[in-house]
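Below is one structure; the comments refer to it alone.
The values are calculated or read from the model by the stated rules, or taken from the named source; none is laboratory data. In this text the structure is predicted, and so the values were computed from the model without any measurement. When we count neighbours, we look across all protein chains shown, and the Cβ atoms used for this are built from the backbone with ideal geometry, even at glycine.
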Ligand code: SF4
Ligand code: SF4
Ligand code: FES
């Protein structure tokens, strides 16, 4: 079952387990491949494309591609870095990301990637779509302006029967995240906290807390996103 | 050789970015050795008296006067810098983007809970007043902008490093902690 295989990332040789996703194999070897929708051991959705790498010369998403023996992965090339930066920029203009007024600022993965790639300004025009904030739940805000459609909440936040608290509504450019009002009414504190923690951006926020951590002590204030993975480099 | 000349302006901003310029502390003494200032709230010079090398603008464009000032800066400065989130993406004033202007004005002057008595529903509409735009625009969606310094406000060290690199021609290496969007 856990057959060991050899593979390379940017020419460096590593060892991993056959069938595990490239992004996890890379992390185990101290190589950071950025993710937004991926969450280890949860069925991947491959929706954000930020983990794009080239595998044997072809573009693949590292969070959905199982590791095979002898794979040659390219990750930190100029071309791929620029594609990732472009994806970050696209997400910034597609939603309404007013970081100075966002409770997640400093702890946000999207913003963290903006910092990592030194995004000074998005290359695309801002959409400024009007989206609503859903405050119906007594425990959380659902701030639709900041959702990046990663589906983490849909895949992970469920009740005992396996029913999701969250779901997508509409299609295409009208797509939006929504929550089941009945379920959300009885959401526990713990689940609210979990939902906020797994959301990579500031779209799910617990009520009655906010801006709790002073600037300078937040996740990405001093160290770039991915530093934890990279510091485990053997 | 004469010193490079800088002009600055605050459009739809809160002056926080200008405060951050002042936040370079005693380096301001070095700054005035390096450059001269022309039109700027810092010097209180209201009109351009000569062509400038660098224009630094805080705030986005929310009305016709902002657009006019911005275009004048583009005309009269060789290099234009967007300073801060509002200049780069509209910032907090752009929270109204997506909401029709009429709705915003109604809220501000007629229906808002903090509005006193305004039975005739009077709205400011003097021809002296600049006209509010349909939304708040980032500067680079109106004129060409050469450089961007993000932050709310941009860290004083970022402004300092960028301006020094620009006038000395040295390579700008930005430490991680200096590029922030808040
Ligand atoms: S969700 Fe992240 S990127 Fe969006 S406004 Fe909040 S901090 Fe900024
Ligand atoms: S609300 Fe958060 S977790 Fe859910 S899809 Fe949107 S960004 Fe992802
Ligand atoms: S992390 Fe792989 S597609 Fe989102």
ask   = Quick one: residue A:46 ticks every box in (1) within 14 Å of chain B (Cβ to nearest Cβ); (2) away from ligand 1 (no atom under 11 Å from the Cβ) bar one, so which box is it?
value = (1)
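Is at least one residue of segment A:180-196 within 16 Å of ligand 1 (Cβ to nearest atom) and modelled with pLDDT of 95 or more? Give the derivation first.
If we filter segment A:180-196 for residues that are within 16 Å of ligand 1 (Cβ to nearest atom), which is where we start, we get A:195-196.
Restricting the remaining residues to those that are modelled with pLDDT of 95 or more gives A:195-196.
Yes, that holds for at least one residue.
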note = The correct count of residues that are closer than 24 Å to residue B:74 by Cβ, more than 10 Å from chain A (Cβ to nearest Cβ) and surrounded by fewer than 18 Cβ atoms within 10 Å (Cβ to Cβ) in segment B:144-163 is 2
task = Looking for whichever is in contact with a strand residue (DSSP E or B) (Cβ under 9 Å, 6 or more places away or on another chain) and more than 15 Å from ligand 3 (Cβ to nearest atom) here; the options are A:89, A:76. Which one fits?
result = A:76
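Restricting to segment B:77-92, what's the tally of residues that are more than 14 Å from chain A (Cβ to nearest Cβ) and buried (at least 16 other Cβ atoms within 10 Å of the Cβ)?
Initial filter on segment B:77-92 (more than 14 Å from chain A (Cβ to nearest Cβ)): B:77-79.
Restricting the remaining residues to those that are buried (at least 16 other Cβ atoms within 10 Å of the Cβ) gives B:77.
Final tally of qualifying residues: 1.
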message = Quick check on this structure: which one of A:103, A:129 is within 12 Å of another protein chain (Cβ to nearest Cβ) and at pLDDT below 95?
response = A:129
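Does residue B:135 satisfy being at pLDDT 95 or above, within 11 Å of chain A (Cβ to nearest Cβ), within 30 Å of residue B:103 (Cα to Cα) and surrounded by 15 or more Cβ atoms within 10 Å (Cβ to Cβ)?
Numbers: at pLDDT 95 or above: yes; within 11 Å of chain A (Cβ to nearest Cβ): yes; within 30 Å of residue B:103 (Cα to Cα): yes; surrounded by 15 or more Cβ atoms within 10 Å (Cβ to Cβ): yes.
Taking the combined requirement at face value, the residue satisfies it.
Restricting to segment B:94-121, give me the number of residues that are more than 10 Å from chain A (Cβ to nearest Cβ) and either in contact with a helix residue (DSSP H, G or I) (Cβ under 7 Å, 6 or more places away or on another chain) or part of a helix (DSSP H, G or I) (or both). I'd like the intermediate steps shown before the answer.
First, pick out the residues of segment B:94-121 that are more than 10 Å from chain A (Cβ to nearest Cβ): B:101-121.
Okay, now just the ones that are also either in contact with a helix residue (DSSP H, G or I) (Cβ under 7 Å, 6 or more places away or on another chain) or part of a helix (DSSP H, G or I) (or both), so B:101-111, B:115, B:118, B:121.
Number of matching residues: 14.
State all residues of segment A:123-154 that are within 16 Å of ligand 3 (Cβ to nearest atom) and farther than 19 Å from residue A:189 by Cα; if no residue qualifies, say none.
Going through segment A:123-154, the residues within 16 Å of ligand 3 (Cβ to nearest atom) turn out to be A:147-154.
The answer is A:147, A:148, A:149, A:150, A:151.
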query = Looking at A:221, A:228, A:197, which is the one that is under 30 Å from residue B:146 (Cβ atoms), within 21 Å of the chain's Cα centre (by Cα) and more than 16 Å from ligand 3 (Cβ to nearest atom)?
reply = A:221
inquiry  = Given the condition over 30 Å from residue A:10 (Cα atoms), within 10 Å of ligand 2 (Cβ to nearest atom) and part of a loop (DSSP other than H, G, I, E, B), answer yes or no: does some residue in segment A:85-98 qualify?
reply    = yes
ask   = For the subset of segment A:99-127 comprising residues that are near ligand 1 (Cβ under 9 Å from one of its atoms) and in a loop (DSSP other than H, G, I, E, B), which member is surrounded by the most Cβ atoms within 10 Å (Cβ to Cβ)?
value = A:108
remark   = All conditions in (1) in a loop (DSSP other than H, G, I, E, B); (2) modelled with pLDDT of 95 or more; (3) out of contact with any helix residue (DSSP H, G or I) (no Cβ under 8 Å at 6 or more places or on another chain) are true of residue B:165 except (1)
ask   = Does at least one position in segment A:19-27 carry a residue that is at pLDDT 95 or above, touching a strand residue (DSSP E or B) at 6+ places or on another chain (Cβ under 7 Å) and within 18 Å of residue A:153 (Cα to Cα)?
value = no
